[in-house]
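The structure under discussion appears below in the form of C-alpha coordinates.
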Amino acid sequence: MKVIFNINRFGKLIVKELSERLPMILKVSAVLSLILAGYWLTSLLFNADTTVTTQGRGIYLYLVTYFSAVMGPFNMYKSFNHRKKGLDYISLPASTTEKFASMTIISLIIMPLTVFISVLFTDTLISVVNPSVFNGLLLSNLFSDVSNVSFSDIVILPLFCLLGNMLYRGNKIVKSFLTIAAIYIVFTMIVAFLFLYAFKDQMAEIQGLQMQIRLTVDNLTELYRNEVFSNYPLIRFTIAFLAILYNVGFPVGALTGAYYRMKTIQY
(Lines give C-alpha, C1' and ligand atoms only; values in the text may rest on other atoms or scores of the structure.)
Protein backbone atom coordinates (compact mmCIF):
# COMPACT_ATOMS: atom_id res chain seq x y z
CA MET A 1 0.00 0.00 0.00
CA LYS A 2 1.50 3.31 -1.11
CA VAL A 3 -0.77 5.37 1.16
CA ILE A 4 0.24 4.73 4.79
CA PHE A 5 -3.14 5.66 6.24
CA ASN A 6 -6.44 6.25 4.47
CA ILE A 7 -9.35 7.06 6.75
CA ASN A 8 -12.01 5.52 4.48
CA ARG A 9 -10.04 2.32 4.02
CA PHE A 10 -9.33 2.16 7.74
CA GLY A 11 -13.03 2.63 8.53
CA LYS A 12 -13.99 -0.28 6.29
CA LEU A 13 -11.25 -2.43 7.84
CA ILE A 14 -12.25 -1.82 11.43
CA VAL A 15 -15.95 -2.38 10.63
CA LYS A 16 -15.05 -5.70 8.97
CA GLU A 17 -12.85 -6.80 11.86
CA LEU A 18 -15.41 -5.79 14.45
CA SER A 19 -18.14 -7.75 12.69
CA GLU A 20 -15.91 -10.85 12.80
CA ARG A 21 -14.74 -10.44 16.38
CA LEU A 22 -17.83 -9.01 18.03
CA PRO A 23 -19.23 -12.47 18.94
CA MET A 24 -16.05 -13.26 20.89
CA ILE A 25 -16.09 -9.87 22.61
CA LEU A 26 -19.73 -10.27 23.63
CA LYS A 27 -19.14 -13.85 24.77
CA VAL A 28 -16.29 -12.84 27.08
CA SER A 29 -18.30 -9.88 28.41
CA ALA A 30 -21.32 -12.10 29.07
CA VAL A 31 -19.26 -14.75 30.89
CA LEU A 32 -17.58 -12.20 33.17
CA SER A 33 -20.94 -10.53 33.88
CA LEU A 34 -22.57 -13.89 34.64
CA ILE A 35 -19.81 -14.66 37.14
CA LEU A 36 -20.81 -11.53 39.06
CA ALA A 37 -24.50 -12.45 38.81
CA GLY A 38 -23.67 -15.99 39.93
CA TYR A 39 -21.90 -14.66 43.00
CA TRP A 40 -24.99 -12.59 43.82
CA LEU A 41 -27.30 -15.60 43.47
CA THR A 42 -24.98 -17.74 45.57
CA SER A 43 -25.06 -15.09 48.31
CA LEU A 44 -28.85 -15.15 48.27
CA LEU A 45 -29.06 -18.93 48.47
CA PHE A 46 -26.45 -19.64 51.12
CA ASN A 47 -26.11 -16.48 53.16
CA ALA A 48 -29.00 -14.02 53.01
CA ASP A 49 -27.23 -11.61 55.39
CA THR A 50 -24.24 -11.09 53.10
CA THR A 51 -23.50 -7.51 52.05
CA VAL A 52 -21.06 -6.92 49.20
CA THR A 53 -19.50 -3.46 49.36
CA THR A 54 -18.75 -1.24 46.39
CA GLN A 55 -15.04 -1.62 47.11
CA GLY A 56 -15.06 -5.38 46.58
CA ARG A 57 -17.20 -5.13 43.47
CA GLY A 58 -15.00 -2.34 42.14
CA ILE A 59 -11.94 -4.56 42.52
CA TYR A 60 -13.68 -7.28 40.50
CA LEU A 61 -14.69 -4.78 37.82
CA TYR A 62 -11.16 -3.46 37.38
CA LEU A 63 -9.58 -6.90 37.51
CA VAL A 64 -11.77 -8.38 34.77
CA THR A 65 -11.39 -5.24 32.64
CA TYR A 66 -7.61 -5.40 32.95
CA PHE A 67 -7.63 -9.15 32.38
CA SER A 68 -9.58 -8.68 29.15
CA ALA A 69 -7.07 -6.07 27.97
CA VAL A 70 -4.15 -8.37 28.74
CA MET A 71 -5.76 -11.36 27.03
CA GLY A 72 -7.34 -9.34 24.23
CA PRO A 73 -4.51 -9.75 21.69
CA PHE A 74 -4.40 -13.51 22.28
CA ASN A 75 -8.19 -13.89 22.04
CA MET A 76 -8.76 -11.60 19.08
CA TYR A 77 -5.65 -12.18 16.96
CA LYS A 78 -4.13 -15.50 17.99
CA SER A 79 -3.88 -16.63 14.33
CA PHE A 80 -2.23 -13.43 13.11
CA ASN A 81 1.23 -14.97 12.61
CA HIS A 82 0.09 -18.52 11.88
CA ARG A 83 1.94 -19.72 8.77
CA LYS A 84 -1.34 -20.57 6.98
CA LYS A 85 -4.21 -18.89 8.81
CA GLY A 86 -2.33 -15.60 9.05
CA LEU A 87 -2.14 -15.22 5.28
CA ASP A 88 -5.80 -14.19 5.11
CA TYR A 89 -5.22 -11.32 7.51
CA ILE A 90 -1.96 -10.07 6.03
CA SER A 91 -3.48 -10.05 2.53
CA LEU A 92 -6.31 -7.68 3.49
CA PRO A 93 -6.40 -4.56 1.25
CA ALA A 94 -5.09 -2.18 3.92
CA SER A 95 -1.72 -0.76 4.93
CA THR A 96 0.32 -2.08 7.84
CA THR A 97 -0.46 1.07 9.81
CA GLU A 98 -4.20 0.61 9.31
CA LYS A 99 -4.08 -3.06 10.28
CA PHE A 100 -1.97 -2.32 13.34
CA ALA A 101 -4.25 0.53 14.45
CA SER A 102 -7.32 -1.65 13.99
CA MET A 103 -5.75 -4.53 15.93
CA THR A 104 -4.69 -2.26 18.78
CA ILE A 105 -8.05 -0.49 19.05
CA ILE A 106 -10.11 -3.69 18.97
CA SER A 107 -7.99 -5.78 21.35
CA LEU A 108 -6.80 -3.11 23.81
CA ILE A 109 -9.65 -0.57 23.79
CA ILE A 110 -12.94 -1.97 22.48
CA MET A 111 -12.54 -5.39 24.12
CA PRO A 112 -11.86 -4.16 27.70
CA LEU A 113 -14.29 -1.25 27.34
CA THR A 114 -17.11 -3.64 26.38
CA VAL A 115 -16.28 -5.85 29.36
CA PHE A 116 -16.19 -2.81 31.63
CA ILE A 117 -19.60 -1.57 30.47
CA SER A 118 -21.17 -5.04 30.62
CA VAL A 119 -19.98 -5.84 34.15
CA LEU A 120 -20.81 -2.33 35.39
CA PHE A 121 -24.32 -2.59 33.93
CA THR A 122 -24.82 -5.98 35.59
CA ASP A 123 -23.60 -4.64 38.92
CA THR A 124 -25.85 -1.58 38.69
CA LEU A 125 -28.86 -3.72 37.82
CA ILE A 126 -28.29 -6.03 40.78
CA SER A 127 -27.75 -3.03 43.09
CA VAL A 128 -31.13 -1.61 42.08
CA VAL A 129 -32.95 -4.96 42.34
CA ASN A 130 -31.31 -6.14 45.57
CA PRO A 131 -29.57 -3.25 47.40
CA SER A 132 -29.42 -5.21 50.64
CA VAL A 133 -26.76 -7.50 49.15
CA PHE A 134 -25.07 -5.24 46.61
CA ASN A 135 -24.96 -2.22 48.86
CA GLY A 136 -24.49 1.11 47.05
CA LEU A 137 -24.04 2.00 43.42
CA LEU A 138 -20.60 1.32 42.01
CA LEU A 139 -20.86 4.45 39.88
CA SER A 140 -20.74 6.63 43.01
CA ASN A 141 -17.03 6.00 43.67
CA LEU A 142 -15.93 4.30 40.47
CA PHE A 143 -12.49 5.82 40.12
CA SER A 144 -11.49 6.35 43.75
CA ASP A 145 -9.59 3.05 44.05
CA VAL A 146 -7.39 3.60 40.98
CA SER A 147 -6.50 7.26 41.46
CA ASN A 148 -2.94 6.37 42.49
CA VAL A 149 -2.28 4.00 39.59
CA SER A 150 -0.18 5.53 36.81
CA PHE A 151 -1.08 5.28 33.14
CA SER A 152 2.12 3.35 32.40
CA ASP A 153 1.31 0.73 35.05
CA ILE A 154 -1.98 0.11 33.26
CA VAL A 155 -0.73 -0.08 29.66
CA ILE A 156 2.68 -1.78 29.94
CA LEU A 157 1.44 -5.36 30.41
CA PRO A 158 -1.26 -5.24 27.67
CA LEU A 159 1.19 -3.68 25.21
CA PHE A 160 3.81 -6.32 25.91
CA CYS A 161 1.12 -8.98 25.42
CA LEU A 162 0.32 -7.38 22.06
CA LEU A 163 4.01 -7.67 21.17
CA GLY A 164 4.26 -11.24 22.47
CA ASN A 165 1.25 -12.33 20.46
CA MET A 166 3.03 -11.14 17.33
CA LEU A 167 6.48 -12.47 18.18
CA TYR A 168 5.61 -16.04 19.12
CA ARG A 169 3.81 -18.58 16.96
CA GLY A 170 3.24 -21.26 19.60
CA ASN A 171 2.62 -21.18 23.37
CA LYS A 172 2.04 -17.46 22.98
CA ILE A 173 0.70 -16.75 26.46
CA VAL A 174 3.36 -18.68 28.37
CA LYS A 175 6.25 -17.31 26.31
CA SER A 176 4.91 -13.76 26.50
CA PHE A 177 4.55 -13.80 30.28
CA LEU A 178 7.97 -15.42 30.74
CA THR A 179 9.49 -12.68 28.57
CA ILE A 180 7.67 -9.95 30.50
CA ALA A 181 8.79 -11.46 33.81
CA ALA A 182 12.40 -11.63 32.59
CA ILE A 183 12.35 -7.97 31.51
CA TYR A 184 10.85 -6.90 34.83
CA ILE A 185 13.37 -8.93 36.85
CA VAL A 186 16.34 -7.52 34.90
CA PHE A 187 15.05 -3.96 35.29
CA THR A 188 14.46 -4.49 39.01
CA MET A 189 17.96 -5.91 39.43
CA ILE A 190 19.45 -2.86 37.68
CA VAL A 191 17.52 -0.51 39.97
CA ALA A 192 18.54 -2.51 43.04
CA PHE A 193 22.21 -2.59 41.98
CA LEU A 194 22.34 1.17 41.41
CA PHE A 195 20.80 2.11 44.74
CA LEU A 196 22.21 -0.66 46.94
CA TYR A 197 25.74 -0.71 45.53
CA ALA A 198 26.60 2.13 43.13
CA PHE A 199 24.96 4.75 45.38
CA LYS A 200 25.46 2.84 48.61
CA ASP A 201 27.21 5.68 50.52
CA GLN A 202 24.76 8.35 49.40
CA MET A 203 21.76 6.19 50.29
CA ALA A 204 23.31 5.55 53.73
CA GLU A 205 23.49 9.33 54.26
CA ILE A 206 19.87 9.72 53.26
CA GLN A 207 18.79 6.92 55.56
CA GLY A 208 20.80 8.64 58.30
CA LEU A 209 18.48 11.61 57.93
CA GLN A 210 15.74 9.25 59.06
CA MET A 211 14.00 9.57 55.71
CA GLN A 212 11.58 6.82 54.79
CA ILE A 213 12.49 5.92 51.21
CA ARG A 214 10.37 3.29 49.47
CA LEU A 215 12.46 2.00 46.60
CA THR A 216 10.34 0.13 44.06
CA VAL A 217 10.07 0.13 40.30
CA ASP A 218 6.57 1.60 40.25
CA ASN A 219 7.36 4.63 42.42
CA LEU A 220 10.35 6.03 40.51
CA THR A 221 8.42 9.17 39.54
CA GLU A 222 7.47 9.71 43.17
CA LEU A 223 11.11 9.28 44.19
CA TYR A 224 12.21 11.89 41.64
CA ARG A 225 9.84 14.43 43.22
CA ASN A 226 11.32 13.79 46.68
CA GLU A 227 13.21 16.94 47.67
CA VAL A 228 15.83 14.95 49.58
CA PHE A 229 17.46 14.00 46.25
CA SER A 230 17.96 17.66 45.28
CA ASN A 231 21.31 17.49 47.10
CA TYR A 232 22.29 14.39 45.13
CA PRO A 233 22.09 15.41 41.45
CA LEU A 234 23.59 12.17 40.09
CA ILE A 235 21.05 10.04 41.95
CA ARG A 236 18.23 12.32 40.85
CA PHE A 237 19.36 12.13 37.21
CA THR A 238 19.50 8.33 37.46
CA ILE A 239 16.01 8.20 38.95
CA ALA A 240 14.71 10.46 36.17
CA PHE A 241 16.32 8.26 33.50
CA LEU A 242 14.89 5.07 35.02
CA ALA A 243 11.45 6.67 35.42
CA ILE A 244 11.42 7.75 31.75
CA LEU A 245 12.58 4.30 30.69
CA TYR A 246 9.80 2.62 32.68
CA ASN A 247 6.96 5.06 32.02
CA VAL A 248 7.77 5.95 28.41
CA GLY A 249 10.42 3.59 27.06
CA PHE A 250 8.63 0.35 27.92
CA PRO A 251 5.19 1.25 26.49
CA VAL A 252 6.60 2.97 23.39
CA GLY A 253 9.13 0.19 22.89
CA ALA A 254 6.48 -2.53 23.08
CA LEU A 255 4.18 -0.65 20.70
CA THR A 256 7.02 0.05 18.26
CA GLY A 257 8.23 -3.54 18.43
CA ALA A 258 4.73 -4.86 17.72
CA TYR A 259 4.35 -2.54 14.71
CA TYR A 260 7.79 -3.50 13.37
CA ARG A 261 6.95 -7.19 13.77
CA MET A 262 3.73 -6.78 11.78
CA LYS A 263 5.57 -4.87 9.07
CA THR A 264 8.40 -7.37 8.67
CA ILE A 265 6.74 -10.71 9.44
CA GLN A 266 7.52 -13.53 7.02
CA TYR A 267 5.17 -16.44 6.39
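For (1) among the hydroxyl-bearing types (Ser, Thr, Tyr); (2) modelled with pLDDT under 80; (3) over 22 Å from the mean Cα position of the chain (by Cα), each residue gets a yes or a no:
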| site | (1), (2), (3) |
| --- | --- |
| 114 | yes, no, no |
| 127 | yes, no, yes |
| 131 | no, no, yes |
| 157 | no, no, no |
| 160 | no, no, no |
| 167 | no, no, no |
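Does segment 225-244 include one or more residues that are modelled with pLDDT of 80 or more, farther than 30 Å from residue 88 by Cα and not in a helix (DSSP H, G or I)? Within segment 225-244, one or more residues are modelled with pLDDT of 80 or more, farther than 30 Å from residue 88 by Cα and not in a helix (DSSP H, G or I).
Return the only residue of 64, 52 being under 25 Å from the mean Cα position of the chain (by Cα) and either assigned by TED's automatic domain parsing to the domain that holds residue 153 or not aromatic (Phe, Trp, Tyr) (or both).
Residue meeting the stated conditions: 64.
Each row is one residue, and each column tells you yes or no for (1) touching a strand residue (DSSP E or B) at 6+ places or on another chain (Cβ under 8 Å); (2) of a type outside the set (A, V, I, L, M); (3) loosely packed, with under 15 Cβ neighbours inside 10 Å; (4) free of Cβ contacts under 8 Å to residues at least 24 places away in the same chain.
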position: 5; (1), (2), (3), (4): no, yes, yes, no
position: 32; (1), (2), (3), (4): no, no, no, no
position: 43; (1), (2), (3), (4): yes, yes, no, no
position: 46; (1), (2), (3), (4): no, yes, yes, yes
position: 54; (1), (2), (3), (4): no, yes, no, no
position: 58; (1), (2), (3), (4): no, yes, no, no
position: 69; (1), (2), (3), (4): no, no, no, no
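Just checking, does segment 20-30 include any residue being within 25 Å of the chain's Cα centre (by Cα), assigned to a helix (DSSP H, G or I) and over 30 Å from residue 96 (Cα atoms)? Yes. Considering only residues that are part of a helix (DSSP H, G or I) and exposed (fewer than 14 other Cβ atoms within 10 Å of the Cβ), which ones fall in segment 245-267? If the condition is that a residue be part of a helix (DSSP H, G or I) and exposed (fewer than 14 other Cβ atoms within 10 Å of the Cβ), then 248, 252, 256, 263, 264 are the ones that fit.
Within the set 142, 137, the sole residue that is farther than 30 Å from residue 248 by Cβ, modelled with pLDDT under 85 and among the aliphatic types (A, V, I, L, M) turns out to be 137.
The values are calculated or read from the model by the stated rules, or taken from the named source; none is laboratory data. A quick note: this is a predicted structure, and the numbers were derived from the prediction, not measured. Please note: Cβ atoms are built from the backbone with ideal geometry, for glycine as well, and neighbour counts cover all protein chains shown.
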